[in-house]
């Protein structure tokens, strides 16, 4: 984790919020509740909830107002991973160094756990102790990022493109939805808690859009450079499934150049903003330089 003490503190807070949000494992239906907890509490970088806090910090939001949004965006992310790993999707057996939910439990439980995590995210936002207009904006932002105009649409494009060679604009659109939409939502939700200035929100959105593509390009590079133990998931899976990736289209060196361009766009977007940008800058470095 980059050397900003706030990131470590927020990371601890995210775990507290997630634990408090999830149903207890000794409460029926036991299998469903254990599966939800397995999906959420099994580790992870927590980049998206950290982005909520970091974007809020950049616009001087009240930190206490950000807890619900941080938890909700991570619950939606966990839901997406549970469904992404299913046999009908990417059919993966390893996630965050442990068996995926459908392997640890069963496929029906995994489907229900993902559904329940998504619903829990919106319940968490609906009950947030923030002004009503902020709750509505958060709900709309996260819903759009989760549905056909966001992650679900990106996953559909990913499945449609498996086995085909996508053009670079097609690949960018796919990942702008599948990976980037939730990252942009996390940044926007943090931003909305501190400002309604359209120019500041637009700068945050440009930062988040570049961050989302950088995250995916780095992910594609790690898929061919790192081991399964390093990644906590199956390495080489994209190539094995015939998916288009940035290294496949551009070559590894070209993908690194594309990653550097996105890093430059992030820096340029942050330069447009006033405020405490240290955490956002640290997270951008984390995404570009990460090893897992």
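Some notes on this structure:
- Length gained on full extension, residue 20 to residue 64, computed as 0.36 nm times the residue gap minus the Cα-Cα distance: 14.3 nm.
- Neighbour-count order for 53, 246, fewest beta carbons within 10 angstrom listed first: 246, 53
- Over segment 5-289, relative contact order from alpha-carbon pairs under 8 Å, at least 6 apart, %: 22
- Normalised alpha carbon radius of gyration of the chain [divisor 2.2 N^0.38 Å]: 0.95
- Where Rh is the Kirkwood radius over Cα pairs, Rg/Rh for segment 66-169: 1.04
- 179, 234, 100, 165 arranged by Cβ crowding within 10 Å, fewest neighbours leading: 165, 234, 179, 100
- Alpha-carbon centroids, segment 1-33 and segment 162-232: separation in whole Å: 23
- The label point for residue 268 and the one for residue 156, both projected 7 Å from the Cα toward the Cβ, are 3.2 nm apart.
- Rounded to the nearest 500, the 222 nm mean residue ellipticity of the chain from helices alone is -22500 deg cm²/dmol, with -39,500 (n - 2.57) taken per DSSP H run of at least 4 residues.
- Theoretical FRET efficiency, 1/(1+(r/R0)^6), r = Cβ-Cβ of residue 229 and residue 132, R0 45 Å, to 0.05: 0.45
- When each of the peptides 220-226, 23-29 is scored by how many other beta carbons lie within 10 Å of its residues on average, the order from highest to lowest is 220-226, 23-29.
- Taking the number of Cβ atoms within 10 Å of each Cβ as an exposure proxy, the fewest-first ranking of 47, 73 is 47, 73.
- Taking all pairs of distinct alpha-carbon atoms in segment 173-292, Kirkwood radius in angstrom: 15.0
- In this simple spin-label model, placing a label point 7 Å from the Cα along the Cα-to-Cβ direction at both residue 253 and residue 11 gives a separation of 3.5 nm.
No value in this document is a laboratory result; all are computed from the given coordinates. Everything numeric here is computed off the predicted structure, so don't read it as measured data. Reconstructed Cβ throughout: ideal geometry from the backbone, glycine too, with neighbour counts over all protein chains shown.
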